[in-house]
1. All but one of (1) over 18 Å from Leu84 (Cα atoms); (2) more than 36 Å from the chain's Cα centre (by Cα) hold for Asp41; which doesn't?
2. With respect to Gln166, determine if the residue is more than 18 Å from His250 (Cβ to Cβ), assigned by TED's automatic domain parsing to the domain that holds Val126, not aliphatic (A, V, I, L, M) and not in a helix (DSSP H, G or I).
3. Of all residues in segment 312-345, count the ones that are in a loop (DSSP other than H, G, I, E, B) and within 16 Å of Thr363 (Cα to Cα).
4. For a quick check of your reading of the model, give me the residue pairs whose first member lies in segment 183-211 and is small (Gly, Ala, Ser), whose second is crowded, with 16+ Cβ neighbours inside 10 Å, with beta-carbon atoms closer than 6 Å and at least 6 apart or on different chains.
5. I'd like to verify a number: residues in segment 316-354 that are surrounded by 13 or more Cβ atoms within 10 Å (Cβ to Cβ), without any contact (Cβ under 8 Å) to a residue 24 or more places away in the chain and more than 14 Å from Asp296 (Cβ to Cβ), how many?
6. Check whether at least one residue in segment 26-34 is more than 30 Å from Thr88 (Cβ to Cβ), loosely packed, with under 13 Cβ neighbours inside 10 Å and outside the structural domain of Arg119 (by TED's automatic domain parsing), and report yes or no.
7. Does Lys339 fit the bill of being under 31 Å from the mean Cα position of the chain (by Cα), within 16 Å of Leu272 (Cβ to Cβ) and assigned by TED's automatic domain parsing to the domain that holds Thr357?
8. What number of residues within segment 178-197 satisfy the criterion of being surrounded by fewer than 19 Cβ atoms within 10 Å (Cβ to Cβ), assigned to a helix (DSSP H, G or I) and under 18 Å from the mean Cα position of the chain (by Cα)?
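The values are calculated or read from the model by the stated rules, or taken from the named source; none is laboratory data. Please read all numbers here as calculations on a predicted model, not as lab measurements. Backbone-built Cβ (ideal geometry, glycine too); neighbour counts: all protein chains shown.
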Amino acid sequence: MDLTPELENLRQLLNNDDESTIRLGVQLAKGMDVPFALFPDLTNTNFKKFLCLEADFIEPLKFVTNLNINSLDIQELPSSIGQLPQLTTIKVYSNQIQELPSGLLVLKQLTRLHVDSNRLKNLQGVEELTSLQHLYAHFNRLTDVQAVGALQDLRSLHLNTNYIQQLPESFKNLTQLQVCNISQNQLIRLPDFIGQWLKIEELNLDTNQIFEVSSEIGRLQKLQKLYLSNNRLETFPEALTKLTHLKELHINFNNISELPSDIDKMQQLTWLNLGENKFKQIPENIGALKNLERLDLGDNRLESLPESLTTLPKLTHLRLHSNQLFSLPKGIENMTQLKRLTLLSNNLSRVEKAALTKKLPDTEIT
């Protein structure tokens, strides 16, 4: 449509590179009868959307379903956000927000909320967002996450890099969870109610202070990826061998010295990361894990390896560096499927390494 000179001037203000000029344009637009044709000029950047909210100028935003106002260094969200009932997704990450605004909590259609990388200490009020399915609240200052337990439709929860010391009892209600990341917190144990998360497929507990894992974890038969790296485990949790559908187990950087005798039950494992522990030996039945593609045994105390290791038909990455190996198992020269083999910092002779390099020319050996 043809614009009047006044509206054409407004468009030029809104599409200026100077933030003060854009702010002026939004203020002027609020006091005018702005045609629908100009709405894209008012909403085509995150900054403009925020200015409309700040000015309580809702008309250009009233049909928006996905609001993205991240990385604007804002300290609070305008309460006018509660006047956008169509919103299903809000992204306000990488700001300086310290609490959830009351206006946000009336958005009953909201299914996805990104408030990561802010300054939140709690999530008080989030329990009002009863339709929420995906919550991203990582990289904050959270100590209190009790309210999250009321979100019974939650599918994915990201609380990593906060100050959480324990999972509140209310979390037993999160029975629809499929993905949960609570890494880089201060957890010391995994509670029994974890066994209620029967739909969980990926659970990340890396970099906590966990020394005890409830046996109830063995009930999680849909779990495919489990991360327990960089904790304080001294024994391999026996219940993990009940996770017969698990594909990835990362339990490196702990103080574990022995694998359970029934490790061979974990038939679906494709990636087993046991590096940076205190293993002195690996049981022969590890050769039963025929789906293994990646095995990390680096930085342990191994002096020898079972020959069964060489019968793993799908193994492409094998890390054995930083051990006390004097020799390699018979048959390793036949593992032509290997793409990478790390042997650094062992007691192996140069002759043995050189011979292996010749027999496995397509394998990167370091």
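1. That leaves (2) as the condition not met.
2. Here the answer is yes, as Gln166 does meet what is asked.
3. 16
4. Qualifying pairs under 6 Å: Ser183/Asn160; Ser183/Asn204; Ser183/Asp206; Ser183/Thr207; Gly195/Glu216; Gly195/Arg219.
5. So the count comes out to 4.
6. Among the residues of segment 26-34, at least one is more than 30 Å from Thr88 (Cβ to Cβ), loosely packed, with under 13 Cβ neighbours inside 10 Å and outside the structural domain of Arg119 (by TED's automatic domain parsing), which makes the answer yes.
7. The answer is no for Lys339.
8. 0
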